[in-house]
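The values are calculated or read from the model by the stated rules, or taken from the named source; none is laboratory data. What you are looking at is a predicted structure, and each value in this text was computed from that prediction instead of being measured. All Cβ positions, even for glycine, are placed from backbone atoms using ideal geometry, and neighbour counts span all protein chains on display. With ligands, DNA and RNA removed, areas are computed over all heavy atoms of the protein, side chains included. Shrake-Rupley method; radii C 1.70, N 1.55, O 1.52, S 1.80 Å.
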Amino acid sequence: MASRRDEIKLTEEEQRELIDSQRVVVVGSHGPRGWPHLMPLWYVPRDGEIWIYTYAKSQKVRNLERDNRATLLIETGHEYNELRGLTIEAEAEIHREFDEVFALAQELTVRYTEGLESVEGEGRSVLEAQARKRVAVRFPPTRVASWDHSKLGGTY
């Protein structure tokens with residue numbers, strides 16, 4: 001007999017759909033005093049992985065430079081039987097190469113700007129200037145836990 005935990009797991013396809021459909025990931029890193037440092041961020045999904053674009057000198061980047069372990073949370077739902085989500089444990093990879101950072105900046109801008117298909121002209125110049133002070137961070141998963149309370153069928 002399957003455990004309740006096994007009954008509510010998301011399939012790989014459901015995990016990817018959740019990652020692709022949501023807009024905010026909470027990234028937890030290890031702060032300088034040992035406390036968790038949690039930040040909600042926009043992100044770009046790439047092949048089922050989470051990538052963020054952030055200032056190179058931000059606290060989260062400093063934390064990941066010191067200890068690259070991170071836990072990510074994506075969740076949705078209002079009522080208990082609607083709750084779906086996943087946590088991802090990952091060892092962050094910080095990418096500083098301009099072309100890679102700029103490419104992610106463009107993807108992020110297109111993803112979060114309704115009706116925009118590409119970044120051109122003045123917008124492109126502004127994004128290029130921003131990208132010089134930022135990094136791209138990839139979170140390749142080492143462990144994933146997921147849940148979908150709708151799979152409980154109304155019994156808790």
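Going through region 48-156, which GluC sites (Glu not before Pro) have at most 11 other Cβ atoms within 10 Å and a DSSP loop state?
Sparse-neighbourhood loop GluC sites (Glu not before Pro): 79, 97, 114, 117, 120.
Where the accessible area of the chain is counted over protein heavy atoms with a 1.4 Å probe, how much of it, in %, is carbon and sulfur?
C and S atoms contribute 49 percent here.
What nm distance separates the two modelled labels at residue 80 and residue 39, each placed 7 Å from Cα along Cα→Cβ?
Distance between label points: 3.5 nm.
What is the dipole size for the chain, taken about its Cα centre, with +1 at each Lys and Arg Cβ and -1 at each Asp and Glu Cβ, in debye to the nearest 20?
860 debye
Using the Cα centre of region 1-53 as the reference point, and only Cβ charges (+1 on K/R, -1 on D/E), how large is the resulting charge dipole? Debye, rounded to the nearest 20.
400 debye
Rolling a 1.4 angstrom probe over the protein heavy atoms, how many square angstrom per residue are accessible across region 1-119?
Heavy-atom SASA per residue in region 1-119 reads 60 Å².
Classify region 1-129 as rounded, prolate or oblate, taking a ≥ b ≥ c as the square roots of the eigenvalues of its Cα gyration tensor: rounded when a/c is under 1.5, otherwise prolate if a/b is larger than b/c and oblate if not.
Note, shape of region 1-129 comes out oblate.
Could you tell me whether region 1-42 comes out rounded, prolate or oblate from its Cα gyration tensor? Rule is a ≥ b ≥ c as square roots of the eigenvalues, rounded for a/c under 1.5, then prolate if a/b exceeds b/c, otherwise oblate.
oblate
What's the longest uninterrupted piece of the chain once you rule out the trypsin sites (Lys or Arg not before Pro) that are loop residues per DSSP with at most 15 other Cβ within 10 Å?
That would be 58-95.
Label residue 4 and residue 57 with points 7 Å out from Cα along Cα→Cβ: what is the distance between them in nm?
4.9 nm
Which lysines, if any, have their Cα less than 28 Å from the Cα of residue 133, not counting same-chain residues under 8 positions apart?
Those lysines meeting the cut-off are 57, 60.
Which shape class applies to region 114-156: rounded if a/c is under 1.5, otherwise prolate when a/b exceeds b/c and oblate if not, where a ≥ b ≥ c are the square roots of the Cα gyration tensor eigenvalues?
Cα axes put region 114-156 in the oblate bin.
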